Structures are given as C-alpha cells and as structure tokens.
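Undergrad: Below is the structure I would like to discuss, written out as structure tokens.
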Amino acid sequence: MKILVVDDSKAMRMIVMRTLRQAGFGEHTIEEAGNGIEALKNIEQKPADLILCDWNMPEMNGIDLLKKLRETGNGVKFGFVTSEGNPEMRQIAMDAGAAFLITKPFTVDAFQGALQPVLTS
Amino acid sequence: MASVHNIPAPDAVARLFNDLLGRRVVAKKSAVKQAVTPRSPGAFGLYGPGDDQIDGIVFCDVALACYSGAALSLIPAATVQQSVRAGKMADGTFENFSEVLNIARGWFDTPGQPPVKLRRCVPAPCDLPKELIALLLKPAERLDLDIEIDGYGAGKMLLVVK
C-alpha cells in the first residue's frame, strides 16, 4: 500500500512520516511531495492508496488537489493534515471528498484514530 | 479595552511545543517583562485575519527559535548551540521555526472571531511598521514566557495581542 505525504514544509513531511511509523503504518510504502502539482506527478507514476495532505501550499493547495483528483475520477482516499481545522474548513474538506482532517500538532493516537478505519475499509 | 483575540495559557503553549517536538517542554510566566523591539535578536511571527490586519505578534529570542526549529527536525542540540552563541539562525533552522509558528496560529483562535493565520515570519533584528511597534509597546494583553525544551535548552517568548 502506498501513502503519499504532501506538505510544503520538509520538516513537517518528516514528522508526518515519523508519526506514520510510530502509529504502526511503517510497513507501507511512504512517499512525499512538496505541493499539489508534485503530488499529481507522483501519482501519475504510481497510484497512491492514501494521500495525507496539508491545506495551504504554494503552486497548488490541498483542496485544489483534492478537487482535481475527484474531477478526473480519481477516488483515492484522502485526508488533510493541517494547522487550521475550523468547522467551515472541515465541511469544505468533507464536501470535496476528504475522509478526515487532522489538525497540527497531532499525536500518534490522532493518526491511528483517523487512518485505521480508512485503510481497513 | 479587552482584546478580541485569545491569548493562550502557558500550559497551552507548552502542550503545543510538546506535541509538535515530541519531547518535554516547560513554559512558565517570566518574572520580568521583556523589552522587545524590532532590533531584538530572534524572530517575529505576525498573525492576523488578513495580510493587512495584524492582531497578534509572537517574538522568540534566538535561543528559543533555534532550539525549537532544531528539535522539530531532530538537528542535534550541539549543532545548533553555535547558532545560539552567534545570535543568528541558520536558514534551515529558521524555516523549521516558521513551521512551529505556523502551527501556533491556533493560540489566537477566539470563538466568534475570524480565524487568524501566520501572515509573516521575520528574522530579527528587522524593521517593523510603526503600528506593529506600537502593538509591541502597548498591547491589550501580553504574555512573557520562559520556555525550556528538554534536551536542547531554554529561551524566551513574548506574545501580544491587540
């Protein structure tokens, strides 16, 4: 199973990947991208099973990436990992087809709680 | 006049650092208020609901900015001590520290008010517009903190809101 981590902060990508391993998802292939455009290029090469994506990024932000995927018929499982998670943003994310939204700073428990149901469904 | 924005409790500040850095962090109110100016070595985070409306400022001295930026990506403490002694952050450490301040935006969230975002992160000494200098000098609320990051060291933070 391939998990793609999308965030414009290299340090944050590293922390997300570390948390994935700590949460017990380390056996999956974990790849990274710095924005939505890079993410699209990445999954063109090999489809992802889950995308964990920041909201605010240069070039192409997270919600535009999700909309682009759904417009092109790509139903990849998608979750946001972002510093802002007000009810309005959550609604926008869910309406666009996201499975969950995790706010930074996050915990291992938050990752397990959000990802486990998605990856086992 | 009371501020329309929240200012966090010391425990909330410590909790964010703790969760983000994955190590024990202690934040205590400082015994003495810091005299922070744009010429103070460190970094400023400028927060507001819009790019042209800054309602809150976080200042971290060089030590706290370096230690938190380094701890975020597990740069060894010994490596960053040189920057602390020199009073200047390396580019990579500053980028990491900016991410810490980006995530800290939630400190200012107040029910019924539009969410604030980190609008700019500025290394200091720097120039700040006069209205931001006024905010530093006469905030509606302020919080002076001494923060210690386990395994790295201690530094100072000032939070102010309009």
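The values are calculated or read from the model by the stated rules, or taken from the named source; none is laboratory data. Because the structure is a prediction, the values reported are computed rather than measured. Don't worry about glycine lacking a Cβ; one is built from the backbone with ideal geometry, like all the others, and counts go over all protein chains shown.
Residues are listed down the side, and each one gets a yes or a no for (1) within 13 Å of A:L4 (Cβ to Cβ); (2) part of a helix (DSSP H, G or I):
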position	(1), (2)
A:I51	yes, no
A:P58	no, no
A:L69	yes, yes
A:G75	no, no
A:E84	no, no
A:A98	no, no
A:I102	no, no
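Undergrad: Right, B:D51: in contact (Cβ under 8 Å) with a residue 60 or more places away in the chain, among the acidic types (D, E) and buried (at least 16 other Cβ atoms within 10 Å of the Cβ) or not? Give the steps one after another, and end with the answer.
TA: Details: in contact (Cβ under 8 Å) with a residue 60 or more places away in the chain: yes; among the acidic types (D, E): yes; buried (at least 16 other Cβ atoms within 10 Å of the Cβ): no.
Judged against the criteria, B:D51 is not a match.
Undergrad: Another question about this same structure. List the number of the failed condition for A:T107; all other conditions in (1) out of contact with any Leu (no Cβ under 9 Å at 6 or more places or on another chain); (2) over 28 Å from B:P111 (Cβ atoms) hold.
TA: (2)
Undergrad: Here is a further query. In the set A:N86, A:N61, which member is exposed (fewer than 15 other Cβ atoms within 10 Å of the Cβ) and within 21 Å of B:R105 (Cα to Cα)?
TA: Numbers: A:N61 fails: exposed (fewer than 15 other Cβ atoms within 10 Å of the Cβ).
Result: A:N86 is the single residue among A:N86, A:N61 that is exposed (fewer than 15 other Cβ atoms within 10 Å of the Cβ) and within 21 Å of B:R105 (Cα to Cα).
Undergrad: Here's a follow-up. Please state which of the following conditions B:L132 fails to meet, knowing it meets all the rest: (1) away from every other protein chain (no Cβ under 12 Å); (2) buried (at least 20 other Cβ atoms within 10 Å of the Cβ); (3) of a type in the set (A, V, I, L, M, F, W, C); (4) closer than 24 Å to B:G50 by Cβ.
TA: Result: B:L132 passes all but (2).
Undergrad: Let me ask something additional. Within region A:72-106, restricting attention to residues that are in contact with a Ser or Thr (Cβ under 8 Å, 6 or more places away or on another chain), free of Cβ contacts under 8 Å to residues at least 60 places away in the same chain and more than 17 Å from A:A39 (Cα to Cα), which residue is farthest from the other protein chains (Cβ to nearest Cβ)?
TA: A:L101
Yes/no matrix, rows are residues, columns are (1) surrounded by fewer than 15 Cβ atoms within 10 Å (Cβ to Cβ); (2) farther than 23 Å from B:R15 by Cβ:
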| site | (1), (2) |
| --- | --- |
| A:E44 | yes, yes |
| A:D54 | no, no |
| A:N74 | no, yes |
| A:R90 | no, no |
| A:D95 | yes, yes |
| A:F106 | no, no |
| A:F111 | no, no |
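Undergrad: Yes or no: B:G56 closer than 24 Å to A:D54 by Cβ and touching a residue at least 40 places away in the same chain (Cβ under 8 Å)?
TA: On the way: closer than 24 Å to A:D54 by Cβ: yes; touching a residue at least 40 places away in the same chain (Cβ under 8 Å): yes.
When the stated conditions are applied, B:G56 passes them.
Undergrad: Also: Going residue by residue through region B:37-47, is there one that turns out to be modelled with pLDDT under 95 and among the hydrophobic types (A, V, I, L, M, F, W, C)?
TA: No: region B:37-47 contains no residue that is modelled with pLDDT under 95 and among the hydrophobic types (A, V, I, L, M, F, W, C).
Undergrad: Give just the number: which of (1) assigned to a loop (DSSP other than H, G, I, E, B); (2) loosely packed, with under 15 Cβ neighbours inside 10 Å; (3) within 13 Å of another protein chain (Cβ to nearest Cβ) does B:I75 not satisfy?
TA: (2)
Undergrad: Among the listed residues A:K41, A:K68, which satisfies the condition of being free of Cβ contacts under 8 Å to residues at least 24 places away in the same chain and more than 14 Å from every other protein chain (Cβ to nearest Cβ)? Break it down stepwise before answering.
TA: Working: A:K68 fails: free of Cβ contacts under 8 Å to residues at least 24 places away in the same chain.
Within the list A:K41, A:K68, the selection yields A:K41.
Undergrad: Scan region B:85-128 for residues that are out of contact with any His (no Cβ under 8 Å at 6 or more places or on another chain), of a type outside the set (A, V, I, L, M, F, W, C) and away from every other protein chain (no Cβ under 11 Å) and report the count.
TA: 10
Undergrad: Shifting gears a bit: State yes or no: is A:G24 over 12 Å from the mean Cα position of the chain (by Cα), away from chain B (no Cβ under 14 Å) and closer than 19 Å to A:Q112 by Cβ?
TA: On the way: over 12 Å from the mean Cα position of the chain (by Cα): yes; away from chain B (no Cβ under 14 Å): yes; closer than 19 Å to A:Q112 by Cβ: yes.
It is true that A:G24 is over 12 Å from the mean Cα position of the chain (by Cα), away from chain B (no Cβ under 14 Å) and closer than 19 Å to A:Q112 by Cβ.
Undergrad: Looking at A:N56, A:N35 in this structure, which one is within 19 Å of A:D8 (Cβ to Cβ) and either within 14 Å of another protein chain (Cβ to nearest Cβ) or in contact (Cβ under 8 Å) with a residue 40 or more places away in the chain (or both)? Lay out the reasoning, then the answer.
TA: Working: A:N35 fails: either within 14 Å of another protein chain (Cβ to nearest Cβ) or in contact (Cβ under 8 Å) with a residue 40 or more places away in the chain (or both).
Going through A:N56, A:N35 in turn, just one is within 19 Å of A:D8 (Cβ to Cβ) and either within 14 Å of another protein chain (Cβ to nearest Cβ) or in contact (Cβ under 8 Å) with a residue 40 or more places away in the chain (or both): A:N56.
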